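Visitor: Just passing along the structure, written as structure tokens.
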Amino acid sequence: MLKNDLPFNRICFSLFKGFGNAVSRNRAKRLGREAYRLMKSRLSGGYDLILLVSPETENDRSGSALSYRTWQLESLFLKAGLLE
């Protein structure tokens with residue numbers, strides 16, 4: 001997290017080297033972007049965010065993968081003090 005002096009946040013999802021195949025990498029990024037989209041209105045603006053996405057867990061493979069990823073991002077942003 002780094003202040004960027006803009007009125008909005010910029011976000012980047014990065015993956016571990018050797019993170020599965022292309023399908024799992026794209027799915028992990030899509031889930032992260034959608035989870036961020038759902039909560040970005042509640043976040044403070046003006047930051048550059050780089051998030052390192054961890055490999056899938058059993059929770060990610062279930063039907064609640066989006067809610068699990070949303071919970072992960074919400075707790076991360078709460079710790080960082082970005083949630084309003």
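The values are calculated or read from the model by the stated rules, or taken from the named source; none is laboratory data. On a predicted model such as this, the values are computed, not experimentally measured, just so you know. So basically every Cβ, Gly included, is an ideal-geometry build from the backbone, and we count neighbours across all protein chains shown.
Visitor: Any chance region 8-26 includes a residue that's over 20 Å from residue 74 (Cβ atoms), among the basic types (Lys, Arg) and surrounded by 15 or more Cβ atoms within 10 Å (Cβ to Cβ)? First the steps, then the outcome.
Guide: At the first step, the residues of region 8-26 found to be over 20 Å from residue 74 (Cβ atoms) are 15-26.
Keeping just the survivors that are among the basic types (Lys, Arg) gives 17, 25.
When the remaining residues are screened for being surrounded by 15 or more Cβ atoms within 10 Å (Cβ to Cβ), the result is 25.
Yes, region 8-26 has at least one match.
Visitor: Related question: Considering only residues that are at negative phi and either surrounded by 11 or more Cβ atoms within 10 Å (Cβ to Cβ) or not in a helix (DSSP H, G or I) (or both), which ones fall in region 38-51? Outline the logic, then answer.
Guide: Here is the first cut: in region 38-51, the ones at negative phi are 38-45, 47-51.
Result: 38, 39, 40, 42, 43, 44, 45, 47, 48, 49, 50, 51.
Visitor: Scan region 11-24 and report the pairs whose first residue is more than 13 Å from residue 52 (Cβ to Cβ) and whose second residue is part of a loop (DSSP other than H, G, I, E, B), with Cβ atoms within less than 7 Å and a gap of 6+ or a chain change.
Guide: 20/55; 24/56
Visitor: Next question. Give me the residue from region 28-47 that is free of Cβ contacts under 8 Å to residues at least 12 places away in the same chain and under 12 Å from the mean Cα position of the chain (by Cα) and, out of that set, farthest from residue 80 (Cα to Cα). Can you show your working first?
Guide: Going through region 28-47, the residues free of Cβ contacts under 8 Å to residues at least 12 places away in the same chain turn out to be 30, 37, 41.
Now restrict to residues that are under 12 Å from the mean Cα position of the chain (by Cα): 30, 37.
Values: 30: 22, 37: 18 Å.
Among them, the one singled out is 30.
Visitor: Right, another one. Among all residue pairs at least 6 apart or on different chains, which show Cβ distances below 7 Å where the first residue, located in region 64-84, is part of a loop (DSSP other than H, G, I, E, B) and at pLDDT 90 or above and the second is loosely packed, with under 14 Cβ neighbours inside 10 Å and of a type in the set (S, T, N, Q)?
Guide: Qualifying pairs under 7 Å: 82/44.
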